[in-house]
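Student: Have a look at this one.
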């Protein structure tokens, strides 16, 4: 069992859980993820590790309530525990002194961007971060990202905070201005990552994206997470999750992500029904 | 010929009670129901009790078969279980999934003139009897020898080795990447062939002996083999199996609805997707399912698809039934349940719809040519004809290669050109000091019993290496 030691709602629909997992906290590197299962009935889902503290043996997971499992996860708090948690999984981010790095993320991609950006900073890069959210209230980790970035730009779709517009528009302005950029790392919704890669492609700037396909075991055993990069099949769980964005087949990723849409809705409905039911009702 | 032998030959081999095909094709309960005590005694009476039995040598772990059958005849079922467990620590599992027809039963003298004695069914009966009676006895555990072994992977090889060494006073920790110990026994083999409660009982038995299990522990990520050796393990055994799926490498293979057998079976078996939505893991419940391959895993996949509600399940195979590596019993069960076979047919491409789902597989007819290195006749493409088979789900069950997670993070560990660990077949010794390996990670995809045999051999070699006396009190010689 993996004890939940703290829980915080960062924004509507976005929750942070601190979990006791000393082995992961000790060995995790930026870019890696964990796979967890809440209980006996649960599915295995991958979540990126937003932060870790080897001293207390805890890791921080930040996620958005989108489906049954993340809603259930959001209901956990101190005193409850996860049945299973495996990690760290995936390859760590390639971190070295590139020069100027741009960390660009939207929505729930920001928590993954944070440890990577921190690592870029520690490696001596000039770190620019461009963060986006639909609206001000949905923006997370602004303070943390600010602390590890030399330049922090915030964009909101509705203009409620920072620059009115998308993160990709802000990057485009930078590129057009001729600002030096040596490495871009983007994490966020698939359409955002796709646009981002199209922007940097003409400039030949190495652009890495962290992919989030459906996974089961997370150790290269099943192939559920297969993606296409440079026309070749790769497994995001062991070959990634970061890949050269200019080579990624985003269309395939989108389609494979929607593979269980129907069942996911059934699961979520069932979960909501249970939430509405009188408490203490046994699980069927 | 003795009177007994004459009588044995006239007794028919007792059939295994089974769920009717039409019924079982729609549920996940075990297909074979097991012998009753009466059936077991009747079958045991057929054994010739040969003075020079051939069956023992034909068993990868050399179970004293005539002896355990003799106990059944005396209705001493617990005594039979004790004899079985001297050599085979997982008899309830081996009795279900061993290919007896090509091992012990193929060597049975009775089989020359009549049908061989049903050794596997008897083994299963005895193990089930002991477990169901709640009479599973713990063997004597030797006093601690002050040695620690780390076992990577909790499949049949690792479980067998763990059981052997813990009995000899080793402190044993088994590291498992998934959340449930058992390896292929829990993620691969379906409930209807090997109920998961049985695997759980075997794992619990090892726990009671003192084996420590660490699930969710991915060696190669959270720690390496070297970390284990440096942090207190005197020996490490690698039994990580052949857990990386092969795909067909044809166009369209990443369309939605196309699974590796590993994924399909893991979703259904380990994650219990067949009980969705009570269990949260989803699985495609296709109406028209194609399975590629001709081994036991292909049969398991096809039969799982039927149970998940498919209207039509077709096994597509490049050669003919004669060349199929699946056990005769599995093939027979699949046919009985209504699985169809499209033989001498090779997939060339998957075709998708606009949503990115598979809608058909384009195939090419084949004919058989000369025998290849494996002795099977090689399939040859018949040019110019193709055939589109409409499907909405596909399962690729053409084999596995070794998972590189452990080998690639262990320095100076010799691998062969397929990425399997090179280990002495008699001892499991690898090129690394204090590191042993066995099972599919060494041999490539093989059987549960061979993996168990490898686990046992490695355990014995570890005892020899560390100078620990074996169970019969003989001091082992290094």
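Student: All but one of (1) within 11 Å of another protein chain (Cβ to nearest Cβ); (2) over 22 Å from residue B:198 (Cβ atoms); (3) assigned to a loop (DSSP other than H, G, I, E, B) hold for residue B:278; which doesn't?
Tutor: Residue B:278 satisfies all of (1) within 11 Å of another protein chain (Cβ to nearest Cβ); (2) over 22 Å from residue B:198 (Cβ atoms); (3) assigned to a loop (DSSP other than H, G, I, E, B) except (2).
Student: I've got another one for you. Could you pull out every one of the strands (runs of 3 or more DSSP E) wholly within the range A:55-117 that has 2 or more residues that are more than 14 Å from every other protein chain (Cβ to nearest Cβ) and over 20 Å from the mean Cα position of the chain (by Cα)? Full working, then the answer.
Tutor: Numbers: elements: A:58-64, A:84-89, A:100-106.
Strands (runs of 3 or more DSSP E) meeting the threshold: none at all.
Student: Among (1) more than 30 Å from residue B:289 (Cβ to Cβ); (2) part of a strand (DSSP E or B), where does residue B:468 come up short?
Tutor: (2)
Student: Across the range B:386-404, which residue is modelled with the lowest pLDDT among those that are at the interface with chain A (Cβ under 10 Å from one of its Cβ atoms) and either within 22 Å of residue B:304 (Cβ to Cβ) or buried (at least 22 other Cβ atoms within 10 Å of the Cβ) (or both)?
Tutor: Applying the first criterion (at the interface with chain A (Cβ under 10 Å from one of its Cβ atoms)) to the range B:386-404 yields B:396, B:400, B:403-404.
Now restrict to residues that are either within 22 Å of residue B:304 (Cβ to Cβ) or buried (at least 22 other Cβ atoms within 10 Å of the Cβ) (or both): B:396, B:400, B:403.
On the way: B:396: 98, B:400: 92, B:403: 88.
It comes out as B:403.
Student: For the range B:378-417, name all the residues that are closer than 15 Å to residue B:366 by Cβ and in a loop (DSSP other than H, G, I, E, B). Quick ask: steps written out before the conclusion?
Tutor: In the first step, residues of the range B:378-417 are kept if they are closer than 15 Å to residue B:366 by Cβ; the result is B:378-387, B:389, B:398.
Within the range B:378-417, B:382, B:383, B:384, B:385, B:386, B:398 meet the criteria.
Student: Return the residues of the range A:249-274 that are touching a residue at least 40 places away in the same chain (Cβ under 8 Å), more than 24 Å from residue A:207 (Cβ to Cβ) and either at the interface with another protein chain (Cβ under 8 Å from one of its Cβ atoms) or loosely packed, with under 12 Cβ neighbours inside 10 Å (or both); say none if nothing qualifies.
Tutor: A:259, A:260, A:264, A:267, A:270
Student: Among the residues of the range A:191-221, count how many are out of contact with any strand residue (DSSP E or B) (no Cβ under 6 Å at 6 or more places or on another chain), without any contact (Cβ under 8 Å) to a residue 40 or more places away in the chain and within 10 Å of another protein chain (Cβ to nearest Cβ).
Tutor: 1
Student: Take residue A:60 and decide whether it is at pLDDT below 95 and surrounded by 19 or more Cβ atoms within 10 Å (Cβ to Cβ). Show your work before the answer.
Tutor: Working: at pLDDT below 95: no; surrounded by 19 or more Cβ atoms within 10 Å (Cβ to Cβ): yes.
Judged against the criteria, residue A:60 is not a match.
Student: Let me ask another. Quick one: count up the residues across the range A:233-248 that are farther than 19 Å from residue B:257 by Cα and either assigned to a helix (DSSP H, G or I) or within 13 Å of chain B (Cβ to nearest Cβ) (or both).
Tutor: So the answer is 7.
Student: Something else now. Among (1) within 27 Å of residue B:388 (Cα to Cα); (2) surrounded by fewer than 23 Cβ atoms within 10 Å (Cβ to Cβ); (3) within 13 Å of another protein chain (Cβ to nearest Cβ), there is one condition residue B:272 misses while meeting the rest; what is its number?
Tutor: Every listed condition holds for residue B:272 apart from (1).
Student: Okay, moving on. Suppose we filter B:352, B:356 for residues that are farther than 16 Å from residue B:101 by Cβ, touching a helix residue (DSSP H, G or I) at 6+ places or on another chain (Cβ under 6 Å) and within 14 Å of chain A (Cβ to nearest Cβ); which single one remains?
Tutor: Details: B:352 fails: touching a helix residue (DSSP H, G or I) at 6+ places or on another chain (Cβ under 6 Å).
Just one listed residue meets the conditions, B:356.
Student: Given the condition farther than 30 Å from residue A:43 by Cβ, in contact with a helix residue (DSSP H, G or I) (Cβ under 6 Å, 6 or more places away or on another chain) and surrounded by fewer than 18 Cβ atoms within 10 Å (Cβ to Cβ), answer yes or no: does some residue in the range B:143-166 qualify? Can you show your working first?
Tutor: Keep residues of the range B:143-166 that are farther than 30 Å from residue A:43 by Cβ, which gives B:143-149, B:160-161, B:163-166.
Applying the additional criterion that residues be in contact with a helix residue (DSSP H, G or I) (Cβ under 6 Å, 6 or more places away or on another chain) yields B:149, B:160-161, B:163-166.
Then drop every residue that is not surrounded by fewer than 18 Cβ atoms within 10 Å (Cβ to Cβ), which leaves none.
The answer is no, given that none of the residues of the range B:143-166 is farther than 30 Å from residue A:43 by Cβ, in contact with a helix residue (DSSP H, G or I) (Cβ under 6 Å, 6 or more places away or on another chain) and surrounded by fewer than 18 Cβ atoms within 10 Å (Cβ to Cβ).
Student: Here is a further query. From B:185, B:265, which residue is part of a helix (DSSP H, G or I), within 22 Å of residue B:93 (Cα to Cα), within 24 Å of the chain's Cα centre (by Cα) and within 14 Å of another protein chain (Cβ to nearest Cβ)? Full working, then the answer.
Tutor: Details: B:185 fails: within 14 Å of another protein chain (Cβ to nearest Cβ).
Sole residue among the options that is part of a helix (DSSP H, G or I), within 22 Å of residue B:93 (Cα to Cα), within 24 Å of the chain's Cα centre (by Cα) and within 14 Å of another protein chain (Cβ to nearest Cβ): B:265.
Student: Let me ask something else. State the number of residues belonging to the range B:287-309 that are part of a loop (DSSP other than H, G, I, E, B) and surrounded by 23 or more Cβ atoms within 10 Å (Cβ to Cβ).
Tutor: The first filter runs over the range B:287-309 and keeps only residues part of a loop (DSSP other than H, G, I, E, B), leaving B:287, B:293-295, B:308-309.
Narrowing the set further to residues that are surrounded by 23 or more Cβ atoms within 10 Å (Cβ to Cβ) leaves B:293-294.
Matching residues across the range B:287-309 total 2.
Student: Filter the helices (runs of 4 or more DSSP H) completely within the range A:139-218 down to those with at least 3 residues that are under 30 Å from residue B:245 (Cα atoms).
Tutor: Working: elements: A:142-148, A:167-177, A:190-200.
The helices (runs of 4 or more DSSP H) meeting that bar are A:190-200.
The values are calculated or read from the model by the stated rules, or taken from the named source; none is laboratory data. Since we're looking at a predicted model, the values are computed, not measured. No Cβ is skipped: glycine too gets one built from the backbone with ideal geometry, and neighbour counts run over all protein chains shown.
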